[in-house]
1. Please find the FRET efficiency linking Met322 to Glu129, where r is the Cβ-Cβ separation and R0 is fixed at 45 Å, and quote it to the nearest 0.05.
2. Based on DSSP, what percent of beta bridges with both residues in the chain are antiparallel, to the nearest 5?
3. Using a 7 Å offset from the Cα along the Cα-to-Cβ direction at both Arg329 and Arg164, what is the distance between the two label points in nm, to one decimal?
4. Within the set of other residues whose C-beta is less than 13 Å from the C-beta of Val270, count the net charge using Lys and Arg as +1 and Asp and Glu as -1.
5. Once neighbouring chains are kept in place and the probe is 1.4 Å, which whole percent of the accessible area of the chain is contributed by carbon and sulfur?
6. When Lys and Arg each count +1 and Asp and Glu each count -1, what net charge do the other residues less than 15 Å away from Ser82, Cβ to Cβ, add up to?
7. With an 8 Å cut-off on Cα pairs and a minimum separation of 6 or more residues, tell me the relative contact order of the chain in percent.
8. Expected output is a single nm value to one decimal: the length gained when fully extending between Leu337 and Arg354, i.e. 0.36 nm times separation in residues minus the C-alpha distance. What is it?
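The values are calculated or read from the model by the stated rules, or taken from the named source; none is laboratory data. The structure displayed is predicted, hence computed values, not measured ones. All Cβ positions, glycine included, derive from the backbone under ideal geometry; neighbour counts span all protein chains shown. Keep in mind that these areas ignore ligands, DNA and RNA; they rest on the heavy atoms of the full protein, side chains included. Shrake-Rupley method; radii C 1.70, N 1.55, O 1.52, S 1.80 Å.
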Amino acid sequence: MLRFTADKHANEKRVNRGVEKGGKVSSLGQSADVFVAGAGPAGLAAAIAARQKGFQVIVADGSAPPIEKPCGEGMMPETVASLRAMGVEIGPTEGRRFSGISFVQPGARVSADFRQGTGIGLRRPLLHERMVERAEACGVRFLWKTPVCGMDAEGVQLACGKIRARWIVGADGQGSRVRRWGELDAAKRKRQRFASRRHYRVRPWSNYMEIYWGHHAQAYVTPIDREEVCIVMICEQPETALFDTALREWPELEARLTNAELSSRERGAVTSMCSLYSVHRGNVALVGDASGGVDAITGDGLGLAFRQAPALADAMAAGNLMQYEQAHRAIARRTMLLGDLMLWLGRNRGIRGRVIRALQSRPDLFARFLAAHGGAADRTAVLSAGAMLGWRLLDI
Ligand SMILES: Cc1cc2nc3c(=O)[nH]c(=O)nc-3n(C[C@H](O)[C@H](O)[C@H](O)COP(=O)(O)OP(=O)(O)OC[C@H]3O[C@@H](n4cnc5c(N)ncnc54)[C@H](O)[C@@H]3O)c2cc1C
């Protein structure tokens with residue numbers, strides 16, 4: 001059973017009164033089947049999935065929509081399919097479709113198309129807007145500018161009162177307080193890297209999401225509109241994460257951006273590979289970055305959250321969060337493996353150079369690995385592609 005836990009002084013700050021769509025929430029003698037703390041992509045996906053199971057759902061967020069967050073803004077085909085399954089519509093003229101992934105390093109480039117459809121690059125606030133619209137249409141109730149400041153087994157504490165809930169979902173991101181209050185902070189592993197993100201007003205020069213590999217950094221470029229790209233720079237050390245410094249590693253990329261206008265303020269972020277021992281306790285469950293996550297280089301943080309959400313709704317409907325715990329582990333496995341592989345390639349310059357050259361000479365192998373990442377290839381296909389890559393490496 002959870003004890004009541006709350007942030008010191010949080011109740012003294014009564015500035016952020018909860019405002020529900022359609023009117024003020026003056027007395028919060030309210031209750032819900034499911035209370036979701038955090039209305040980022042994970043909280044919204046969890047809320048939609050819970051509503052689709054017939055639960056009454058309230059979501060609170062300390063911010064107001066549309067919520068911005070530093071992100072590479074690329075969604076893989078599997079992520080796009082999850083969005084579609086939730087009923088979230090991205091219009092044909094919104095964002096920018098991309099057909100696959102390219103790996104680029106000085107003197108080498110290999111590209112492969114997705115087998116499962118196209119990916120979409122989409123500005124975060126627009127994704128947020130579309131998800132909020134869908135959640136509202138499903139009947140989710142929102143409390144904006146309403147941080148959650150404590151919880152116990154019966155519900156959550158807001159500055160303006162308490163809400164009772166059967167289930168509490170922590171979707172409050174990397175620095176989750178729900179995770180801390182639920183005593184779920186213990187991590188099996190946690191490895192952080194440092195990122196900075198910029199948008200440039202420039203016509204995308206490629207139909208692929210490009211990943212540039214350098215000595216100290218990786219950059220990935222996502223086409224997000226007809227005239228805009230999003231670029232994320234990721235480094236092991238915060239000093240090398242300075243955008244302009246890191247950019248010098250790829251003169252070709254630097255040249256493309258020399259005269260391009262910046263279309264957003266540069267934002268920094270921490271990205272981490274993190275897995276927790278447990279993502280639930282009592283009636284509390286964690287989803288999205290609050291439940292651990294993968295390095296941004298995988299481009300799959302959103303996809304993970306969108307796959308976790310229906311699994312959580314199923315578990316709540318079954319009255320058994322242990323079921324979610326197991327599903328969460330299974331969902332994370334493939335992306336964690338990819339994250340480890342990408343980080344290892346990033347650290348091992350010599351091997352990475354040979355791998356990219358080997359893939360360049362056999363782009364079909366790259367396509368098979370990409371299909372495996374998207375869940376469109378079975379284990380045997382991946383193992384045989386791995387064996388063939390090993391054979392090519394001996395040759396290079
Ligand atoms: C640099 C970078 C690049 C990335 N690129 C990609 C990419 O290209 N593709 C991809 O799929 N993923 C990418 N990711 C990962 C992706 O951004 C995250 O996985 C995703 O944002 C997780 O969503 P979330 O809802 O769990 O958390 P968040 O988006 O962080 O949302 C958490 C929400 O909780 C709210 N909140 C926090 N505390 C409280 C509280 N006490 N009470 C109420 N509300 C609260 C916050 O206001 C926020 O709205 C990237 C991540 C980084 C850092």
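1. That gives a FRET efficiency of 0.80.
2. 75 percent
3. My value for the distance between the label points is 3.5 nm.
4. It works out to a net charge of +3.
5. 51 percent
6. Overall, the nearby charge balance is +1.
7. It rounds to 22 percent for the chain.
8. Values: separation 17, 0.36 × 17 = 6.12 nm, distance 2.03 nm.
Result: 4.1 nm gained on full extension.
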